[in-house]
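First comes the structure, then the notes that go with it.
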Amino acid sequence: MATLFTLTLLGAAHAATPKDTLVVAKNIEDIVGLDPAEAFEFSSAEVVSNVYQNLIQYDVKNPNKVVPGLADSWTVAADGKSITFQLKPSAHFASGNDVRPEDVLFSFMRVVKLNKAPAFILTQLGWTPDNIGQMVRKTGNDSVTISWSGDFGAAFVLNLLAARPGSILDEKLVTQHQKGTDLGNAWLNQNSAGSGPYKLKLYKPKEVVVLEANATTPVGAPATRMVLIKNVVEPATQRLLLESGDADIARDLGPDQLTAMKARADIRVETYPQAAVHFISFNQKQDKLRNPAVWEAMRYLVDYDGIANRLLKGQMKVHQAFLPEGFPGALKETPFKYDPEKAKAILSKAGVKDLSFDMDVINAPRFMDMAQSLQASMAKGGVKLNLLSGTGSQVITRYRARKHEAIMLYWGPDFFDPHANAKAFAYNVDNSDGNYQSTTTWRNAWAVPQLSSKTMTALKEKDPTARATAYQDLQRDVQQSSPIVVMFQEQSQVALRSNVKGYINGLTPDFVLYDKVVKQ
């Protein structure tokens, strides 16, 4: 391991990485937490998905379908208000402790009580710190019954339970490391307590994540003994590591680096459609950004084609609705084009003069390239855009605290149902500072009672066609008048050494899976 750290962390050696170790070069500075009750960033998502299991999991090939995880089977009650799960016999955590119904209750209870960023996914079920013990109950030595309140069906509930905060943790191990009332949160941001194919060996913020194989996982021991994810912010450095053999996979190469990689026989480039949408948004706590004319003008100050096709060369595709393609009801219409003269006319008619604002942006090259393009295109419309760059975690933390003026960021659905993004982009019934919500609406202080009502009506719709139509209507509402300007849907382009086989990179970071990887 000492040789491996010298190789990957210092980048001094130039030799093939060990055959039983996968070295991934990517920017991991967005990580805020690795506790499944807190993990809400793209990089932390893939760590959690490789370390933990849920009762049920999304099918990687068809994410709209769930398959067994730690549960062998499940039965929906006749009244449609509860599901009983039968746990797999003899399933163990990496610690060797048995997986028990008590672990399920503990895992869900701590998500609700800690109430961190992803907690809303489970609290949609009507779960509170006071009732969680009644809503999740042990009903047999290997069975647990989960109940919910709300006018929605079991299919929606299963989608929620398959999401990241549905990860099942080892209660006995976690409680040994809790401090005060943190329920083990601090410890779990540096360690793991799961049953997945890997366990967290080491995490050094802004440096490295090391995953070590869990030989006793119920899903079968992974083919690769160690996964080392090295924080490499600069695409040029990622390219050098990949070309020299010091990295097996490079995840954040720019268009020029990718073009160069395609000419090499020892490296291949693969493209994976992603469910992430990229947007700019405007904090409604800022008086100068509350005028709907500002929102409208901004939609004509984005050089959509220039960024997607000329600047990023296919790493983004133009997409202007909050549901990504692949979701029921996703809009493919792109009604807005770059037109600075039209934007000027809109602002002039509204009496908006000398508009200037700050925009938070992640200081990674791709994001900065996009932001600088926006800065130039907005200047032609008479708008001064000031860029405030920071690490991913810094930008996201400011955003969650509603301290930004504007922000350029991305959003990935938290579970595979249209409601995931509809609630994020079209729901906010309590805009108070003390009522934290993991939504773009709340984070931008945009209260939307009418849209919120329409969002909940769409959730309750049982007919799939009618439900898809309802989400299309919601997307058009947000397209036409909102402080959130959706611009692109991401296309992930990954460069791999030609001997790397079995790498999986699905629609979301939850589907970046390493356990089937082999190096031939």
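The values are calculated or read from the model by the stated rules, or taken from the named source; none is laboratory data. Everything numeric in this text was worked out from a predicted model, so none of it was measured. In this analysis, Cβ positions are derived from the backbone assuming ideal geometry, glycine residues included, and neighbour counts consider all displayed protein chains. Each accessible area value is taken on the protein alone, full model and side chains, heavy atoms only, with ligands, DNA and RNA left out. Shrake-Rupley method; radii C 1.70, N 1.55, O 1.52, S 1.80 Å.
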Nothing charged except the Cβ atoms of Lys and Arg (+1) and of Asp and Glu (-1): what's the magnitude of the dipole of the chain about its Cα centre? Round to the nearest 20 debye.
540
Ignoring ligands, DNA and RNA, please state the percent of accessible area on the chain from carbon and sulfur, probe 1.4 Å.
50
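Of all trypsin sites (Lys or Arg not before Pro) in the stretch 449-520, which ones are in loop regions per DSSP and have a Cβ with at most 11 other Cβ atoms within 10 Å?
Lys462
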Just going by the charge dipole of the chain, with Lys and Arg at +1 and Asp and Glu at -1 on Cβ, which of Pro273, Leu22, Thr508 is farthest out on the positive end?
Pro273
Qualifying lysines (Cα of each under 16 Å from Cα of Lys113; at least 8 residues distant if same chain)
Lys179
The simple spin-label model distance between His92 and Lys138, using points 7 Å out along Cα→Cβ, in nm, is 2.1
Reported to two decimal places, what Rg/Rh ratio describes the stretch 243-337 when computed on Cα atoms with Rh from the Kirkwood expression?
1.09
Once phi is turned into ³J(HN,Hα) by the Karplus curve 6.51 cos²θ - 1.76 cosθ + 1.60 with θ = phi - 60°, what whole-Hz value does each residue of the stretch 159-172 show in order, with x for glycine and proline?
4, 5, 5, 7, 7, 3, x, x, 4, 9, 10, 7, 4, 4
Two decimals is fine: what is log10 I(q)/I(0) at q = 0.22, 0.23, 0.30 Å⁻¹ for the stretch 460-508, from a Debye sum with one equal scatterer on every Cα and no solvent?
-0.90, -0.94, -1.08
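Considering just Cα atoms, how many Å³ per residue does the convex hull of the stretch 76-212 enclose?
Dividing the Cα hull volume of the stretch 76-212 by its residue count gives 120 Å³.
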At most 16 other Cβ atoms within 10 Å plus a DSSP loop assignment makes a site exposed; report the longest stretch of the chain without any exposed GluC sites (Glu not before Pro).
1-206
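Taking only protein heavy atoms and a 1.4 Å probe, what accessible area per residue, in Å², does the stretch 282-397 have with all protein chains in place? Write out the running numbers ahead of the final one.
Working: 4920 Å² over 116 residues.
That works out to 42 Å² per residue.
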Under a plain spin-label model, where a point goes 7 Å from the Cα along Cα-to-Cβ, how far apart in nm are Gln286 and Ala466?
4.2
If you average the sequence gap of Cα pairs under 8 Å that are 6 or more apart and divide by the length of the stretch 354-413, what percent do you get for the contact order?
48
Net charge over other residues, Cβ less than 14 angstrom from the Cβ of Val478 (K, R count +1; D, E count -1):
0
Which one of Leu87, Gln53, Asn386 has its Cα pushed farthest toward the positive end of the charge dipole of the chain, where Lys and Arg give +1 and Asp and Glu give -1 at the Cβ?
Asn386
Trp446 - accessible surface, heavy atoms, 1.4 Å probe, Å² rounded to 10
30
Please report, in debye to the nearest 20, how large the charge dipole of the stretch 380-480 is about its Cα centre when each Lys and Arg carries +1 at its beta carbon and each Asp and Glu carries -1 there.
320
Efficiency of FRET between Gln190 and Thr75 - r from beta-carbon atoms, R0 30 angstrom, step 0.05:
0.20
Cβ-based charge dipole, the chain, positive-most Cα from Tyr436, Gln479, Thr128:
Gln479
Using the Cα centre as the reference, give the magnitude of the dipole from point charges on the C-beta atoms of the stretch 158-235 (Lys, Arg: +1; Asp, Glu: -1; all else neutral), rounded to the nearest 20 debye.
120
What are the lysines whose alpha-carbon lies under 20 Å from the alpha-carbon of Lys201, with same-chain residues fewer than 8 places away excluded?
Lys19, Lys26, Lys172, Lys230, Lys516
Computed Rg/Rh for the stretch 190-309 (Cα atoms; Rh = Kirkwood radius) stands at 1.12
Taking square-rooted eigenvalues a ≥ b ≥ c of the alpha carbon gyration tensor, is the stretch 379-520 rounded, prolate or oblate, where a/c under 1.5 means rounded and, failing that, a/b exceeding b/c means prolate?
oblate
Over the stretch 318-385, volume per residue of the alpha carbon convex hull, in Å³
119
Contact order relative to length for the stretch 391-520, counting C-alpha pairs under 8 Å separated by 6 or more residues, stands in percent at 17
Compute the separation of the alpha-carbon centres of the stretch 216-284 and the stretch 452-520 and state it in Å as a whole number.
19
Based solely on its DSSP helices, what 222 nm [θ] is calculated for the chain when runs of n ≥ 4 H residues each add -39,500 (n - 2.57) and the sum is averaged over all residues, nearest 500 deg cm²/dmol?
-8500 deg cm²/dmol
